[in-house]
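The values are calculated or read from the model by the stated rules, or taken from the named source; none is laboratory data. These numbers were taken from a predicted model, which means no experiment stands behind them. Glycine also receives a Cβ, built like all others from the backbone with ideal geometry; neighbour counts cover every protein chain displayed. Only protein heavy atoms, including side chains, enter the accessible area calculation; ligands, DNA and RNA are left aside. Shrake-Rupley method; radii C 1.70, N 1.55, O 1.52, S 1.80 Å.
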Amino acid sequence: MSNAESKSFLRPGKLVLLSLLALVVYAVALLVWVPAGWVWQQVSGQVSLPQQVEVRQVSGRVWDGAAGLMVAGYPLRVDWQLGWPSLTELSLPVDLSIASSQSEIEGDITVAWPQRAEINANGQVVVSEFKDLIRRAGGAMIEGNVSIDRLNLVWEDNRVTLAEGLGRWAGGQVSWPMGNRTGQARFPPMQAELDTTQGGVALTVAEQGGDGPAADAQILWNGMMELRVYKRMVDLAGQPWSDSASPGDVVFRVRQPLLPGAR
(Lines give C-alpha, C1' and ligand atoms only; values in the text may rest on other atoms or scores of the structure.)
Protein backbone atom coordinates (compact mmCIF):
# COMPACT_ATOMS: atom_id res chain seq x y z
CA MET A 1 0.00 0.00 0.00
CA SER A 2 1.52 3.38 -1.03
CA ASN A 3 2.06 6.14 1.48
CA ALA A 4 2.39 8.81 -1.24
CA GLU A 5 0.38 11.91 -0.42
CA SER A 6 -2.51 12.38 -2.81
CA LYS A 7 -2.52 15.66 -4.76
CA SER A 8 -5.54 17.84 -5.38
CA PHE A 9 -6.78 17.88 -8.97
CA LEU A 10 -7.64 21.60 -8.92
CA ARG A 11 -4.30 23.09 -7.93
CA PRO A 12 -3.87 26.93 -8.02
CA GLY A 13 -1.92 26.88 -11.27
CA LYS A 14 -4.54 24.76 -12.99
CA LEU A 15 -7.30 27.05 -11.72
CA VAL A 16 -5.56 30.06 -13.29
CA LEU A 17 -5.18 28.28 -16.63
CA LEU A 18 -8.81 27.17 -16.62
CA SER A 19 -9.93 30.72 -15.79
CA LEU A 20 -7.87 32.15 -18.66
CA LEU A 21 -9.28 29.54 -21.03
CA ALA A 22 -12.81 30.39 -19.95
CA LEU A 23 -12.16 34.10 -20.58
CA VAL A 24 -10.80 33.35 -24.07
CA VAL A 25 -13.81 31.17 -24.91
CA TYR A 26 -16.15 33.87 -23.62
CA ALA A 27 -14.41 36.60 -25.68
CA VAL A 28 -14.53 34.47 -28.85
CA ALA A 29 -18.22 33.72 -28.25
CA LEU A 30 -18.91 37.47 -27.97
CA LEU A 31 -17.17 38.15 -31.28
CA VAL A 32 -18.96 35.29 -33.03
CA TRP A 33 -22.48 35.77 -31.72
CA VAL A 34 -23.01 39.34 -30.47
CA PRO A 35 -24.94 41.45 -33.04
CA ALA A 36 -22.81 44.22 -34.53
CA GLY A 37 -25.81 46.58 -34.52
CA TRP A 38 -26.20 46.24 -30.74
CA VAL A 39 -22.49 46.98 -30.21
CA TRP A 40 -22.71 50.08 -32.43
CA GLN A 41 -25.67 51.37 -30.42
CA GLN A 42 -23.59 51.11 -27.25
CA VAL A 43 -20.48 52.87 -28.59
CA SER A 44 -21.84 55.28 -31.24
CA GLY A 45 -22.19 58.09 -28.72
CA GLN A 46 -18.45 57.95 -27.99
CA VAL A 47 -17.34 57.72 -31.66
CA SER A 48 -16.58 61.01 -33.44
CA LEU A 49 -17.15 60.72 -37.20
CA PRO A 50 -16.32 63.31 -39.89
CA GLN A 51 -19.18 65.69 -40.65
CA GLN A 52 -19.89 64.14 -44.07
CA VAL A 53 -19.97 60.55 -42.78
CA GLU A 54 -23.17 59.04 -41.40
CA VAL A 55 -23.78 55.45 -40.31
CA ARG A 56 -27.23 54.43 -41.52
CA GLN A 57 -27.41 50.74 -40.61
CA VAL A 58 -25.22 48.05 -39.02
CA SER A 59 -26.04 44.36 -39.47
CA GLY A 60 -24.50 40.94 -38.96
CA ARG A 61 -22.18 40.06 -36.12
CA VAL A 62 -19.02 41.58 -34.72
CA TRP A 63 -17.04 38.75 -36.32
CA ASP A 64 -18.70 39.02 -39.72
CA GLY A 65 -20.89 42.04 -40.45
CA ALA A 66 -21.79 44.96 -42.67
CA ALA A 67 -22.62 48.65 -42.37
CA GLY A 68 -24.45 51.09 -44.61
CA LEU A 69 -22.86 54.54 -44.73
CA MET A 70 -23.63 57.88 -46.33
CA VAL A 71 -20.39 59.66 -47.28
CA ALA A 72 -20.62 63.13 -48.85
CA GLY A 73 -24.08 62.24 -50.12
CA TYR A 74 -23.05 58.88 -51.60
CA PRO A 75 -24.34 55.58 -50.15
CA LEU A 76 -21.62 53.03 -49.41
CA ARG A 77 -21.68 49.49 -48.05
CA VAL A 78 -18.84 48.25 -45.87
CA ASP A 79 -18.43 44.49 -45.27
CA TRP A 80 -15.90 43.04 -42.84
CA GLN A 81 -14.78 39.68 -41.52
CA LEU A 82 -12.36 39.33 -38.62
CA GLY A 83 -9.51 36.83 -38.82
CA TRP A 84 -7.83 35.02 -35.95
CA PRO A 85 -5.78 37.37 -33.76
CA SER A 86 -2.04 36.90 -33.33
CA LEU A 87 -1.03 36.80 -29.67
CA THR A 88 2.68 37.00 -30.51
CA GLU A 89 2.30 40.13 -32.67
CA LEU A 90 -0.71 41.54 -30.76
CA SER A 91 -2.53 42.10 -34.05
CA LEU A 92 -5.93 41.39 -35.61
CA PRO A 93 -6.45 40.90 -39.37
CA VAL A 94 -9.68 42.11 -40.97
CA ASP A 95 -10.93 41.39 -44.51
CA LEU A 96 -12.72 44.48 -45.77
CA SER A 97 -14.68 45.61 -48.82
CA ILE A 98 -16.15 49.04 -49.57
CA ALA A 99 -18.69 49.25 -52.38
CA SER A 100 -20.89 51.94 -53.90
CA SER A 101 -23.55 51.30 -56.50
CA GLN A 102 -20.91 50.73 -59.22
CA SER A 103 -17.42 50.89 -57.66
CA GLU A 104 -15.67 48.57 -55.21
CA ILE A 105 -12.43 48.46 -53.26
CA GLU A 106 -11.44 45.37 -51.30
CA GLY A 107 -8.46 44.30 -49.26
CA ASP A 108 -7.32 43.64 -45.73
CA ILE A 109 -6.45 45.67 -42.65
CA THR A 110 -4.11 44.53 -39.90
CA VAL A 111 -4.66 46.35 -36.62
CA ALA A 112 -1.79 46.03 -34.13
CA TRP A 113 -1.38 47.16 -30.54
CA PRO A 114 -0.97 49.86 -29.42
CA GLN A 115 -1.68 52.24 -32.36
CA ARG A 116 -0.77 50.77 -35.73
CA ALA A 117 -2.84 49.78 -38.74
CA GLU A 118 -1.80 48.62 -42.22
CA ILE A 119 -4.08 48.53 -45.28
CA ASN A 120 -3.53 46.58 -48.50
CA ALA A 121 -6.25 47.04 -51.12
CA ASN A 122 -7.18 47.10 -54.80
CA GLY A 123 -10.31 47.76 -56.77
CA GLN A 124 -12.18 49.56 -59.51
CA VAL A 125 -13.68 53.07 -59.47
CA VAL A 126 -16.35 54.10 -62.01
CA VAL A 127 -15.59 57.82 -62.37
CA SER A 128 -18.95 58.82 -63.84
CA GLU A 129 -20.61 57.72 -60.59
CA PHE A 130 -18.98 60.69 -58.84
CA LYS A 131 -19.33 63.30 -61.58
CA ASP A 132 -21.44 65.67 -59.44
CA LEU A 133 -18.83 65.66 -56.67
CA ILE A 134 -16.01 66.24 -59.19
CA ARG A 135 -17.84 69.14 -60.85
CA ARG A 136 -18.57 70.79 -57.50
CA ALA A 137 -14.85 70.60 -56.71
CA GLY A 138 -13.97 72.12 -60.11
CA GLY A 139 -11.99 69.05 -61.19
CA ALA A 140 -11.51 67.40 -64.57
CA MET A 141 -13.99 64.74 -65.63
CA ILE A 142 -12.67 61.59 -67.31
CA GLU A 143 -14.61 58.83 -69.00
CA GLY A 144 -14.28 55.17 -68.11
CA ASN A 145 -12.93 53.48 -65.01
CA VAL A 146 -9.84 53.86 -62.84
CA SER A 147 -8.21 50.60 -61.79
CA ILE A 148 -6.48 50.63 -58.39
CA ASP A 149 -3.87 47.92 -58.85
CA ARG A 150 -2.14 48.43 -55.51
CA LEU A 151 -2.69 50.52 -52.38
CA ASN A 152 -0.61 50.14 -49.23
CA LEU A 153 -1.09 52.50 -46.26
CA VAL A 154 0.39 52.34 -42.76
CA TRP A 155 -1.04 54.42 -39.90
CA GLU A 156 1.31 54.85 -36.95
CA ASP A 157 2.03 57.56 -34.39
CA ASN A 158 -1.30 59.24 -35.29
CA ARG A 159 -0.35 59.81 -38.94
CA VAL A 160 0.27 58.00 -42.23
CA THR A 161 3.87 56.78 -42.16
CA LEU A 162 3.78 54.81 -45.42
CA ALA A 163 1.74 55.38 -48.58
CA GLU A 164 2.34 53.44 -51.79
CA GLY A 165 0.01 52.74 -54.66
CA LEU A 166 -0.59 52.47 -58.39
CA GLY A 167 -3.71 53.35 -60.35
CA ARG A 168 -4.29 53.11 -64.10
CA TRP A 169 -6.73 54.66 -66.57
CA ALA A 170 -7.18 53.36 -70.11
CA GLY A 171 -7.45 56.83 -71.63
CA GLY A 172 -10.28 58.63 -73.39
CA GLN A 173 -12.19 61.90 -73.31
CA VAL A 174 -11.37 64.45 -70.59
CA SER A 175 -13.32 67.64 -69.91
CA TRP A 176 -12.46 70.48 -67.55
CA PRO A 177 -13.90 73.92 -66.68
CA MET A 178 -12.41 76.94 -68.49
CA GLY A 179 -14.25 79.97 -67.14
CA ASN A 180 -17.62 80.01 -68.87
CA ARG A 181 -16.55 77.28 -71.28
CA THR A 182 -15.57 73.64 -71.02
CA GLY A 183 -12.29 72.37 -72.44
CA GLN A 184 -12.12 68.90 -73.95
CA ALA A 185 -9.38 66.60 -75.23
CA ARG A 186 -8.61 62.94 -75.72
CA PHE A 187 -5.83 61.61 -73.52
CA PRO A 188 -3.70 58.47 -73.90
CA PRO A 189 -3.61 55.81 -71.16
CA MET A 190 -2.43 57.40 -67.90
CA GLN A 191 -1.26 56.19 -64.52
CA ALA A 192 -0.97 57.64 -61.03
CA GLU A 193 1.64 56.59 -58.45
CA LEU A 194 1.36 57.25 -54.73
CA ASP A 195 4.52 57.42 -52.64
CA THR A 196 5.74 58.56 -49.22
CA THR A 197 7.90 61.67 -48.91
CA GLN A 198 9.74 63.10 -45.94
CA GLY A 199 7.01 65.66 -45.27
CA GLY A 200 3.90 63.77 -46.39
CA VAL A 201 2.65 61.83 -49.41
CA ALA A 202 3.06 62.51 -53.13
CA LEU A 203 0.85 61.64 -56.10
CA THR A 204 2.42 61.65 -59.58
CA VAL A 205 0.31 61.49 -62.75
CA ALA A 206 2.00 60.48 -66.01
CA GLU A 207 1.35 58.93 -69.39
CA GLN A 208 1.80 55.18 -69.30
CA GLY A 209 5.23 54.55 -70.76
CA GLY A 210 5.90 58.31 -70.90
CA ASP A 211 9.15 60.17 -70.19
CA GLY A 212 8.12 62.12 -67.10
CA PRO A 213 5.30 63.47 -64.93
CA ALA A 214 2.39 65.40 -66.38
CA ALA A 215 1.33 66.62 -62.93
CA ASP A 216 2.14 65.93 -59.31
CA ALA A 217 0.68 66.81 -55.95
CA GLN A 218 2.24 66.72 -52.52
CA ILE A 219 0.08 66.56 -49.40
CA LEU A 220 2.00 67.54 -46.29
CA TRP A 221 1.38 66.34 -42.74
CA ASN A 222 0.47 69.90 -41.73
CA GLY A 223 -2.55 69.82 -44.08
CA MET A 224 -1.08 71.82 -46.95
CA MET A 225 -1.23 70.68 -50.58
CA GLU A 226 1.06 71.74 -53.42
CA LEU A 227 -0.02 71.00 -57.00
CA ARG A 228 2.21 71.34 -60.06
CA VAL A 229 1.21 70.92 -63.70
CA TYR A 230 3.91 70.47 -66.35
CA LYS A 231 3.92 71.48 -70.01
CA ARG A 232 3.81 67.78 -70.74
CA MET A 233 0.16 67.84 -69.58
CA VAL A 234 -0.57 70.79 -71.90
CA ASP A 235 0.92 68.84 -74.81
CA LEU A 236 -1.19 65.77 -73.97
CA ALA A 237 -4.29 67.99 -73.97
CA GLY A 238 -3.33 69.50 -77.34
CA GLN A 239 -3.45 73.05 -75.97
CA PRO A 240 -1.25 75.86 -77.38
CA TRP A 241 1.78 77.02 -75.38
CA SER A 242 5.08 78.76 -75.94
CA ASP A 243 7.47 76.78 -78.14
CA SER A 244 10.36 77.82 -75.92
CA ALA A 245 9.03 75.76 -72.98
CA SER A 246 10.20 72.17 -72.57
CA PRO A 247 7.89 69.28 -71.54
CA GLY A 248 9.38 69.23 -68.02
CA ASP A 249 8.70 72.92 -67.30
CA VAL A 250 6.13 73.76 -64.62
CA VAL A 251 3.33 75.82 -66.19
CA PHE A 252 0.97 75.96 -63.21
CA ARG A 253 1.59 75.78 -59.48
CA VAL A 254 -0.75 76.23 -56.52
CA ARG A 255 -0.27 75.80 -52.79
CA GLN A 256 -3.32 75.77 -50.56
CA PRO A 257 -4.57 74.21 -47.31
CA LEU A 258 -6.67 71.06 -47.43
CA LEU A 259 -7.60 71.44 -43.77
CA PRO A 260 -8.76 74.56 -41.94
CA GLY A 261 -5.86 76.25 -40.16
CA ALA A 262 -3.14 74.46 -42.17
CA ARG A 263 -0.14 76.53 -43.21
| request: Could you point to the residue in Gly73, Val127, Gln102 farthest towards the positive end of the range 60-145's charge dipole, with +1 and -1 charges on the Cβ of Lys/Arg and Asp/Glu respectively? | output: Gly73
| request: Relative to the longest principal axis of the C-alpha atoms of the chain, give the angle of the C-alpha long axis of helix 12-33, reported between 0 and 90° and rounded to the nearest 10°. | output: 40
| Top of Thr204, Thr161, Thr88 by mean-square fluctuation, Gaussian network on the chain, Cα under 10 Å | Thr88
| query | Which value, in Å² and to the nearest 10, is the accessible area of Ser246 when all protein chains are kept and the probe is 1.4 Å? | reply | 50
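For Leu92, what is the net charge nearby, where nearby means another residue's Cβ is under 12 Å from its Cβ and Lys, Arg count +1, Asp, Glu -1?
My count for the surroundings of Leu92 gives -3.
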| task | Go ahead and estimate [θ] at 222 nm for the chain from helices alone: -39,500 (n - 2.57) per DSSP H run with n ≥ 4, summed, over the residue count, rounded to 500. | result | -5000 deg cm²/dmol
| remark: Applied in sequence order to the range 119-131, the curve 6.51 cos²θ - 1.76 cosθ + 1.60 (Karplus, θ = phi - 60°) yields integer Hz couplings, x standing for Gly and Pro, of 10, 10, 8, 8, x, 9, 10, 8, 5, 4, 5, 10, 5
| task | Tally up the carbon and sulfur contribution to the accessible surface of the chain as a whole percent, 1.4 Å probe, everything protein left in place. | result | 57
| query | In sequence order, what are the phi-derived ³J(HN,Hα) couplings for the range 108-113 according to the Karplus relation 6.51 cos²θ - 1.76 cosθ + 1.60 with θ = phi - 60°, rounded to whole Hz, with x for glycine and proline? | reply | 9, 10, 10, 9, 10, 7
| message | Whole-Hz ³J(HN,Hα) for each residue in the range 230-239, computed from phi via Karplus 6.51 cos²θ - 1.76 cosθ + 1.60 with θ = phi - 60°, x for glycine and proline: what do you get? | response | 9, 4, 4, 5, 4, 5, 5, 7, x, 9
| remark: Note: Asp195 to Val34 extended length (0.36 nm per residue) minus current alpha-carbon separation gives 54.0 nm
| query | Just the accessible area for Ile142, please: 1.4 Å probe, Å², rounded to the nearest 10? | reply | 40
| message | Going by amide H atoms built from the backbone, whose H comes under 5 Å of the H on Gly83, apart from near neighbours? | response | Val94, Asp95
| query | Using modelled backbone amide H atoms (1.01 Å from N, in-plane), which distant-in-sequence or interchain residues come within less than 5 Å of Val34's amide H? | reply | Val62
| said: Can you give me the accessible area per residue for the chain, using a 1.4 Å probe, in Å²? | reply: 67
| task | For the range 67-216, just the Cα atoms, rotate onto the principal axes and tell me the three extents in Å, largest first. | result | 59, 36, 24
